[in-house]
Amino acid sequence: MAATASNRDHQLKLMYDKYVRYLFIASAFLMTIIIISIIVFVGQQGLMTFKEVSPMEFFFSAKWDPTENQYGALSFIAGSVYVTVLAVLLGAPLGLAGAIFMAKIAPDWLREIMRPATDLYVAIPSVVYGYVGLTVLVPFIREFFQVNTGFGLFAAALILSIMILPTIISISEDAIRAVPKTLEEASLALGATRWQTITKVLLPSALPGILTAVILAMARAIGETMAVQMVIGNTPQLAKSLFTPTSTLPSEIVVEMGNTPFGSAWGNSLFLMALVLLILSIVMILLIRQIAARRVV
């Protein structure tokens, strides 16, 4: 009787594992179909732009005026790139410093407080960041730098640099803590100081994880909409300085998507902007996979 019950339990477990496996396969297949459908729909609708707008005009012209049938998106593409790069330049060093402090310098009791506090940043809605930037940061920039409005790349990059800090800190800290303890002990045993060990041993060993954190932060920054839309100025022009109001691909889509008739050149241009964002995100994901593969090797 005991053997029969044991065999029955074993068969039930095998059946359960099989059904769960099928459920996971079906879920992965469904997600793949959804993602491919989104890319195909956005791509098909976006590429219809080229029936009325030439690729040269869309990608290399900054003249955006749908009332005059001008659909140059260069200012939006450049604004997205500028804001993302500037946000990473501001946020990455600060985030890496925070990760080093939490991983190797902070005492355990302080780390137990700082780690949840850092994770709380993720729970703050982006519109809250944007509202704080609109009411506090923009007036401060206007008065401190003596500029006309305070809107522009600098305000958007500052907000984004704060928003990407949790990503950089958490992933970089995990990468630093994953470095074998023996490497650190060997460096210290050879007479290296604590700072030399961090800069010459720990950081190079954790570099793939740190690069992954930076690329994920870039993907987060380039797709951010509401916070950027509230502080960048939303003006279709190339930014000539850090304080020139401009726009990005996501912010322009948000501003204009409610006014465009579906299927028009104007609406299709917005879909093409979304396709450009998708392509940029996919490229960043592929970079992350390459970095992760090298780390495994």
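Which FRET efficiency value, to the nearest 0.05, is calculated for residue 196 and residue 122 with the Förster distance at 30 angstrom and r the Cβ-Cβ distance?
For R0 = 30 Å, the calculated efficiency reads 0.35.
Once phi is turned into θ = phi - 60°, what whole-Hz ³J(HN,Hα) does the Karplus curve with 6.51, -1.76 and 1.60 give for every residue of region 146-154, x standing for Gly and Pro?
6, 10, 5, 10, x, 6, x, 4, 5
Sticking with the crude label model, points 7 Å out along Cα→Cβ, report the distance from residue 207 to residue 240 in nm, one decimal please.
Going by the 7 Å Cα→Cβ label model, 4.1 nm.
How large is ³J(HN,Hα) for each residue in region 224-240, as worked out from phi by the Karplus curve 6.51 cos²θ - 1.76 cosθ + 1.60 (θ = phi - 60°), to whole Hz, x for Gly and Pro?
Here the 3J(HN,Hα) series is 5, 10, 5, 4, 5, 4, 7, 10, 8, x, 6, 10, x, 8, 5, 6, 9 Hz.
Taking amide H positions as placed 1.01 Å from N in the peptide plane, with prolines and chain starts having none, which residues 5 or more places from residue 71, or on another chain, fall under 5 Å of its amide H?
Those qualifying (amide H under 5 Å, at least 5 residues apart or on another chain) are 65.
May I ask you to list the lysines whose Cα is less than 28 Å away from that of residue 63, ignoring any residue fewer than eight positions away on the same chain?
Within the straight-line limit of under 28 Å, residue 63 reaches these lysines: 51, 240.
How large is ³J(HN,Hα), in whole Hz, for each residue of region 116-126 in order, when computed from phi with the Karplus curve 6.51 cos²θ - 1.76 cosθ + 1.60 and θ = phi - 60°, using x for Gly and Pro?
x, 5, 5, 5, 5, 4, 5, 6, 6, x, 5
At residue 283 and residue 85, where each label point lies 7 Å from the Cα along Cα→Cβ, what is the point-to-point distance in nanometres?
Placing both labels 7 Å along Cα→Cβ, they lie 1.2 nm apart.
Calculate, for residue 62 and residue 143, the FRET efficiency according to 1/(1 + (r/R0)^6) with r their C-beta to C-beta distance and R0 22 Å; round to the nearest 0.05.
Working: r = 30 Å, r/R0 = 1.34.
Computed FRET efficiency for residue 62 and residue 143: 0.15.
May I ask you to sort 104, 181, 200 by Cβ crowding, counting other Cβ atoms within 10 Å and putting the fewest first?
Listing 104, 181, 200 from fewest to most nearby Cβ atoms yields 181, 200, 104.
Going highest first, how would you order 205-211, 17-23, 270-276 by mean Cβ packing within 10 Å?
The most tightly packed comes first, giving 270-276, 205-211, 17-23.
Under a 10 Å cutoff between Cα atoms, tell me which one of 230, 31, 218 has the largest fluctuation in the Gaussian network model of the chain.
31
If neighbour count is taken as other Cβ atoms inside 10 Å, put 143, 57, 173, 52 in order from fewest to most.
143, 52, 57, 173
All of the numbers you see were taken from the coordinates with simple rules; none came from a lab. For clarity, every value in this text was computed on a predicted model and none was experimentally measured. Cβ atoms come from the backbone with ideal geometry, glycine included; neighbour counts cover every protein chain shown.
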